[in-house]
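Single-structure report; data block below.
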Amino acid sequence: MTQSTTPPIIPPKKLFIKTYGCQMNVYDSERMAESLGSVGYVPTDTVEDADMVMINTCHIREKASEKLFSDLGRLRPAKEANPNLKIAVAGCVAQAEGAEIMRRMPLVDLVVGPQSYHRLPEMEAKVQRGERAIETEFPAEDKFDHLPERKSLRGPTAFLTVQEGCDKFCAFCVVPYTRGAEVSRPPERLLAEARNLAARGVRELTLLGQNVNAYSANGYGLARLLREMAALPGVDRLRYMTSHPNDMEDDLIAAHGDLPQLMPYLHLPVQSGSDRILKAMNRKHTAAEYLAVLDRVRAARPDTLITSDFIVGFPGETDADFADTLALVRKVGYGMAYSFKYSARPGTPAAEKPDVETHVADARLQELQALLTSQQRAAQDAMVGREIAVLYEKQGRQAGQMVGKSQHLHAVHVTDATGKVGELVRAIVTESKTNSLAARRLA
Ligand code: SAH
Ligand code: SF4
Ligand code: F3S
């Protein structure tokens, strides 16, 4: 009799990840889960049965950062009940305050910055030995070269990070410090990743970067990258975000006009409508220059839905400056926009300046949000009766209903008893609801 050489079956460890922040963090969480998958972790949706809880953090505003500390507080009982539970902090707060977190929070086992997560397997081995692990360097090697292929995808849409970091140094923003200098990934790798995603059933790709339209590598700009991705079999829809107004080059605007796969949607943050404040923010463009960019995009593709980000209460913002912001919003007619109250971030130039009074900033934020909400409603209502294309992402909550996104990224509920996830269908919009459209499938 020969002895069996089958290794003992080790039950998988379970990983719970909570993700804050931008789409880039969403993408990173996926990739980190895959990286830990290579050392035996499977995802779980509940903290209670997790062997590792990871919080992928955002540092962009004070409120975002604070969430880490309240989450860690809530994890204390779980850690006391199960001392083998490992607690990991990833993302931009890890990058900015990693050493501080380690000092203040003994329950944290592992801290990993956004540029180091390919080191997770060796870090995990270290924490299993009972040590603590921290990596917040900007290593010379490319983390993407050291990550497993993407296998855990669900659904017909995917993010693909093509560029990271930022060289713009807007006066309020931490991203250049937490994510480092602008780096574009090689186009060959990205096209290979896109091909792999399409082969796994992904039909819509959103190319991500803090400054994605500044993408530049091996003779490719973003426009050429989009064109070559559009030519890949199975890639039916492309989007990209986030862009800076100063990097909307002619070839990219032209792509909006002649690349059918590129969706009529553009997220182009402006932050303020006041030239004085734009200058103080170091945005390096005026309100008129921003509007001119939008005119060119709309000339290329008239039905483009424009979205943006705004900051109110930037240091020194007067009533007149804020009125300029409202005026710009009225001129553009946004499909959707995020607006934030300015939050002083340690280490940024604007943090040195005195804040606008809280009640003034609060009132401005309310007024701006009311205007933006009414524009969002109007843009949605204008879709009623129109034919749209919907990519089904999941079954609806009601029977005979599918849920997906339109070209304009509107959430759509379609009455369709035989629809399947991943189908791209034509539909007529029948109703505009609070945060979604209702539609009927066309035969
Ligand atoms: N790279 C993108 C997005 C950066 S972060 C861009 O250039 O637009 C996303 C948004 O957060 C920003 O557009 C800005 O509106 C907001 N934001 C960034 N720093 C902020 C701060 N200190 N206070 C308030 N909002 C901020
Ligand atoms: Fe931040 Fe400005 Fe860079 Fe955007 S462009 S990430 S707002 S510094
Ligand atoms: Fe936040 Fe970092 Fe993204 S600070 S917005 S998670 S790049």
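The values are calculated or read from the model by the stated rules, or taken from the named source; none is laboratory data. Everything quoted here is computed from the prediction, not taken from an experiment. Methodologically, a virtual Cβ is constructed for each residue, glycine included, from the backbone with ideal geometry; neighbour enumeration extends over all protein chains shown. The area values use the complete protein model at the heavy-atom level, side chains included, leaving out ligands, DNA and RNA. Shrake-Rupley method; radii C 1.70, N 1.55, O 1.52, S 1.80 Å.
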(request) Tell me, please, whether a residue that is open to solvent by less than 70 Å² (accessible area, probe 1.4 Å), closer than 21 Å to residue 65 by Cβ and out of contact with any Asp or Glu (no Cβ under 9 Å at 6 or more places or on another chain) can be found in the range 327-347. (result) yes
(message) Going by what's in this entry, would residue 267 be described as closer than 30 Å to residue 327 by Cβ and within 16 Å of ligand 3 (Cβ to nearest atom)?
(response) yes
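Per-residue answers, yes or no, for (1) surrounded by 15 or more Cβ atoms within 10 Å (Cβ to Cβ); (2) outside the structural domain of residue 157 (by TED's automatic domain parsing); (3) not in a loop (DSSP other than H, G, I, E, B):
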residue: 360; (1), (2), (3): yes, no, yes
residue: 364; (1), (2), (3): yes, no, yes
residue: 370; (1), (2), (3): no, no, yes
residue: 374; (1), (2), (3): no, no, yes
residue: 394; (1), (2), (3): no, yes, yes
residue: 397; (1), (2), (3): no, yes, no
(request) From 321, 258, grab the single residue that is away from ligand 1 (no atom under 16 Å from the Cβ) and either of a type outside the set (Gly, Ala, Ser) or open to solvent by less than 40 Å² (accessible area, probe 1.4 Å) (or both). (result) 258
(message) Being of a type in the set (A, V, I, L, M) and crowded, with 19+ Cβ neighbours inside 10 Å: is that true of residue 291 here?
(response) no
(request) Evaluate the range 415-422: report whether one residue or more is open to solvent by less than 40 Å² (accessible area, probe 1.4 Å) and closer than 29 Å to residue 375 by Cα. (result) no
(request) Go through (1) within 16 Å of ligand 1 (Cβ to nearest atom); (2) in contact with a strand residue (DSSP E or B) (Cβ under 6 Å, 6 or more places away or on another chain); (3) at positive phi and name the single condition residue 21 misses. (result) (2)
(request) Given the conditions (1) buried (at least 20 other Cβ atoms within 10 Å of the Cβ); (2) of a type in the set (Val, Ile, Thr); (3) out of contact with any His (no Cβ under 9 Å at 6 or more places or on another chain), report the number of the one that residue 157 does not fulfil. (result) (1)
(message) For the range 179-208, which positions are touching a Leu at 6+ places or on another chain (Cβ under 9 Å) and at positive phi?
(response) 201
(request) Tell me which residues, restricted to the range 220-248, are charged (D, E, K, R), away from ligand 2 (no atom under 16 Å from the Cβ) and more than 13 Å from residue 198 (Cα to Cα). (result) 224, 227, 228, 239
